[in-house]
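Visitor: Please read through the structure below; I'll follow up with questions.
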Amino acid sequence: NGKRVVIVGGGIGGATAAQYLKKMDSTIDVTIVEYNKDYYTCFMSNEVIGGNRDIESIHFTYEKLAAKGIKVVYDTVTDIDAKGQVVKTKGGKSLAYDRCIVSPGVDYKWEAIEGFTPEVAATTIPHAWKAGPQTKLLRKQLEEMKDGGTVVVVAPPNPFRCPPGPYERVSQIAAYLKENKPKSKIVVLDPKKKFSKFGLFMDGWKRHYGYGTDNSMITWINSENGGTVSAVDVASKTVTAAAGKFKGDVVNIIPPQKAGSIAFKAGLTNDSGWCPIDHKTFESTIHKNIHVVGDSSVAAPMPKSGYAANSQAKVCAAAVASLLNGTTMIEPSWVNTCYSVIAPGQDGISVAMVYKYEGGKIVKVKGSGGLTGAYDPELRKREVLYAHSWFENITADTFG
Ligand code: FAD
């Protein structure tokens, strides 16, 4: 019918785009190609690592999407023929499209840290930056660690998936250790000077984990103090940073990131390692009829977050439905909130923003959004509840 859409990747961006395309025009033929039958959300995976949540609670499948008439193909996309408008899979399928939406998430710059390989991450030093087996591995290592052990967390350079994520993880690990192994320490090695929600995290770490005192559970070493990591010795779990060598009992390296590998294969990336797009339609500025949403796209000032991917996917679905039907595209707007729980049940924080389209670009709406205010115990407890209700809502919207 001239309305075939093939979606590459059934994560937050891809699954949302599929659902909203069907909602906007049920006659569009929507196919998702995804290699995992089981999707584990990265959001709330830090609570699994901290021991406050079961991994099953972040597990989602594609049955509900299939029941709505979305075709789900479990396969790996190996190439996209932009000229011929065909998506090719490892299983030998050729899926013709009128419009293609690509949302493959992130891939890792494995060459950046000597000794750190996909095999090492899967077995010994997890990155756990894609939720699933590595989330469980990191949790198990923390459980098995002795009291008085050291956890080394290596943070990535900008831009990366989930700007507050590494620091939320450090908070969750600190909460677990404080309760169960209070003699333990966490060393964070960071190639940046500062990070998202910096003041709020620092304040929270002081309140809960003795940050800034001689007895702090957390030591944070930034780029100015030699926090940039270049290598790891896997056998001794020793990380080499500019400031020297750091040996951990548990080591979590979150490597530098780039667009999902299929975006490179399909020629959708530029020198930045991410995919440039038209900010109104999310159509690639390199290849016509292919749209890119989520972490892989260059959509700054929006962050690389799940909420942003979900919001972008809705705008992209509206654009694709309009383009397929020859109707006028709505004036888009976007939203994002990133919650972080610093102390379970007690201390949540957030950063929020609304965006609009102006002068050919996504821009922040002045006066919208903002950060959690000064410490108020009641408000902070409520932020934890908001974080969990956000999780219920976004997952129902994406997979439900
Ligand atoms: P993904 O959700 O990763 O989806 C990509 C999908 O594509 C995957 O399912 C993958 O299997 C599939 N895929 C890739 N290549 C292929 C291929 N060649 N063939 C077939 N399938 C393919 N965001 C928030 O908004 N709030 C939070 O609180 C939050 N917390 C986070 C905490 C952590 C620890 C982490 C790591 C991330 C967090 N995020 C959070 C970020 C969020 O998870 C991502 O931004 C979001 O998942 C991006 O969606 P996406 O569609 O771009 O990628």
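The values are calculated or read from the model by the stated rules, or taken from the named source; none is laboratory data. Since this is a predicted model, take the numbers as computed values, not measurements. Virtual Cβ from ideal backbone geometry, glycine too; neighbours counted across all protein chains shown.
Visitor: Quick one: would you say LYS3 is within 14 Å of the ligand (Cβ to nearest atom) and in contact with a Ser or Thr (Cβ under 8 Å, 6 or more places away or on another chain)? Before you say what the answer is, go through the steps one by one.
Guide: Numbers: within 14 Å of the ligand (Cβ to nearest atom): no; in contact with a Ser or Thr (Cβ under 8 Å, 6 or more places away or on another chain): yes.
Criteria not met by LYS3.
Visitor: State all residues of region 146-180 that are touching a helix residue (DSSP H, G or I) at 6+ places or on another chain (Cβ under 9 Å), under 14 Å from GLY50 (Cβ atoms) and surrounded by fewer than 18 Cβ atoms within 10 Å (Cβ to Cβ); if no residue qualifies, say none.
Guide: Selection gives LYS178, ASN180.
Visitor: Only one of (1) away from the ligand (no atom under 13 Å from the Cβ); (2) under 20 Å from the mean Cα position of the chain (by Cα) is not met by ILE349, so which one is it?
Guide: Unmet condition: (1).
Visitor: Could you pull out the residue among ARG207, ARG169, ARG161 that is touching a Phe, Trp or Tyr at 6+ places or on another chain (Cβ under 9 Å) and within 16 Å of the ligand (Cβ to nearest atom)? Spell out how you get there, then give the answer.
Guide: Values: ARG207 fails: within 16 Å of the ligand (Cβ to nearest atom); ARG169 fails: touching a Phe, Trp or Tyr at 6+ places or on another chain (Cβ under 9 Å).
Just a single option satisfies the conditions, and that option is ARG161.
Visitor: Looking at region 381-392, which of the residues that are within 21 Å of CYS162 (Cα to Cα) and either over 20 Å from the mean Cα position of the chain (by Cα) or modelled with pLDDT under 95 (or both) is nearest to the ligand (Cβ to nearest atom)? Write out each step before concluding.
Guide: Step one: of region 381-392, the residues within 21 Å of CYS162 (Cα to Cα) are 383-392.
Going one step further and asking which of them are either over 20 Å from the mean Cα position of the chain (by Cα) or modelled with pLDDT under 95 (or both), we end up with 383, 385.
Working: GLU383: 12, LEU385: 14 Å.
By that ranking, first place goes to GLU383.
Visitor: Sticking with this one: From the list THR285, THR238, THR213, THR228, which residue is within 23 Å of PRO118 (Cβ to Cβ) and without any contact (Cβ under 8 Å) to a residue 24 or more places away in the chain? First the steps, then the outcome.
Guide: Details: THR285 fails: within 23 Å of PRO118 (Cβ to Cβ); THR213 fails: within 23 Å of PRO118 (Cβ to Cβ); THR228 fails: without any contact (Cβ under 8 Å) to a residue 24 or more places away in the chain.
When all the criteria are applied, what remains is THR238.
Visitor: Can you confirm whether region 94-103 contains a residue that is touching a residue at least 40 places away in the same chain (Cβ under 8 Å) and basic (Lys, Arg)? Please lay out each step first, then the result.
Guide: Start the filter on region 94-103 by keeping residues that are touching a residue at least 40 places away in the same chain (Cβ under 8 Å), which leaves 95-103.
Right, trim to basic (Lys, Arg) and you get 99.
Yes - at least one qualifying residue is present in region 94-103.
Visitor: Filter region 298-325 down to residues that are within 11 Å of the ligand (Cβ to nearest atom) and in a loop (DSSP other than H, G, I, E, B) and give me whichever is surrounded by the most Cβ atoms within 10 Å (Cβ to Cβ).
Guide: ALA299
Visitor: Out of the residues in region 66-85 meeting the condition of being in contact with a Phe, Trp or Tyr (Cβ under 7 Å, 6 or more places away or on another chain) and not polar (S, T, N, Q), tell me which one is surrounded by the fewest Cβ atoms within 10 Å (Cβ to Cβ).
Guide: Ranking the qualifying residues of region 66-85, first place goes to TYR74.
Visitor: Can you tell me how many residues in region 51-76 are over 19 Å from PRO104 (Cβ atoms) and within 11 Å of the ligand (Cβ to nearest atom)?
Guide: Within region 51-76, residues that are over 19 Å from PRO104 (Cβ atoms) and within 11 Å of the ligand (Cβ to nearest atom) number 1.
Visitor: Here is a further query. Only residues in region 21-48 that are of a type in the set (Lys, Arg) count as the first member; pair them with residues that are within 10 Å of the ligand (Cβ to nearest atom) and at pLDDT 95 or above, Cβ under 6 angstrom, at least 6 apart or cross-chain, and list the lot.
Guide: Every condition considered, the pairs that remain are LYS37/TYR74.
Visitor: Is one or more of the residues making up region 198-206 more than 22 Å from CYS162 (Cβ to Cβ) and in contact with a Gly (Cβ under 9 Å, 6 or more places away or on another chain)? Outline the logic, then answer.
Guide: Taking region 198-206 first, the residues more than 22 Å from CYS162 (Cβ to Cβ) are 206.
Still in the list and also in contact with a Gly (Cβ under 9 Å, 6 or more places away or on another chain): 206.
Looking through region 198-206, at least one residue is more than 22 Å from CYS162 (Cβ to Cβ) and in contact with a Gly (Cβ under 9 Å, 6 or more places away or on another chain).
Visitor: Take region 83-130 and flag every residue that is more than 24 Å from the chain's Cα centre (by Cα), of a type in the set (Asp, Glu) and within 14 Å of the ligand (Cβ to nearest atom).
Guide: none
This table checks each residue for (1) more than 15 Å from the ligand (Cβ to nearest atom); (2) aromatic (Phe, Trp, Tyr); (3) at negative phi.
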site	(1), (2), (3)
ILE262	no, no, yes
PHE282	no, yes, no
HIS287	yes, no, yes
SER296	no, no, yes
THR327	yes, no, yes
GLU331	yes, no, yes
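A quick yes/no check of all residues on (1) in a loop (DSSP other than H, G, I, E, B); (2) closer than 30 Å to LEU385 by Cβ:
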{"site": "ASN1", "(1), (2)": "yes, no"}
{"site": "ASN46", "(1), (2)": "no, yes"}
{"site": "GLY51", "(1), (2)": "yes, yes"}
{"site": "SER57", "(1), (2)": "no, yes"}
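Visitor: Still on this structure, please answer the following. With respect to ILE262, determine if the residue is within 26 Å of the chain's Cα centre (by Cα) and closer than 20 Å to VAL187 by Cβ. It would help to see each step written out before you state the result.
Guide: Values: within 26 Å of the chain's Cα centre (by Cα): yes; closer than 20 Å to VAL187 by Cβ: no.
No: the conditions fail for ILE262.
Visitor: Name the residues in region 354-387 that are touching a residue at least 40 places away in the same chain (Cβ under 8 Å) and within 30 Å of HIS59 (Cβ to Cβ), would you?
Guide: THR372, GLU383, VAL384, TYR386, ALA387
Visitor: Further question: Would region 64-80 turn up any residue that is part of a helix (DSSP H, G or I) and either of a type in the set (Lys, Arg) or within 24 Å of ILE277 (Cα to Cα) (or both)?
Guide: Keep residues of region 64-80 that are part of a helix (DSSP H, G or I), which gives 64-67.
If we keep only those that are either of a type in the set (Lys, Arg) or within 24 Å of ILE277 (Cα to Cα) (or both) too, we end up with 64.
Yes, the conditions are met somewhere in region 64-80.
Visitor: Please enumerate the residues belonging to region 10-43 that are in a strand (DSSP E or B) and either away from the ligand (no atom under 13 Å from the Cβ) or at pLDDT below 95 (or both). Break it down into steps so the answer makes sense when it comes.
Guide: The initial filter retains those residues of region 10-43 that are in a strand (DSSP E or B), namely 29-34, 39-40.
Within region 10-43, ASP29, VAL30 meet the criteria.
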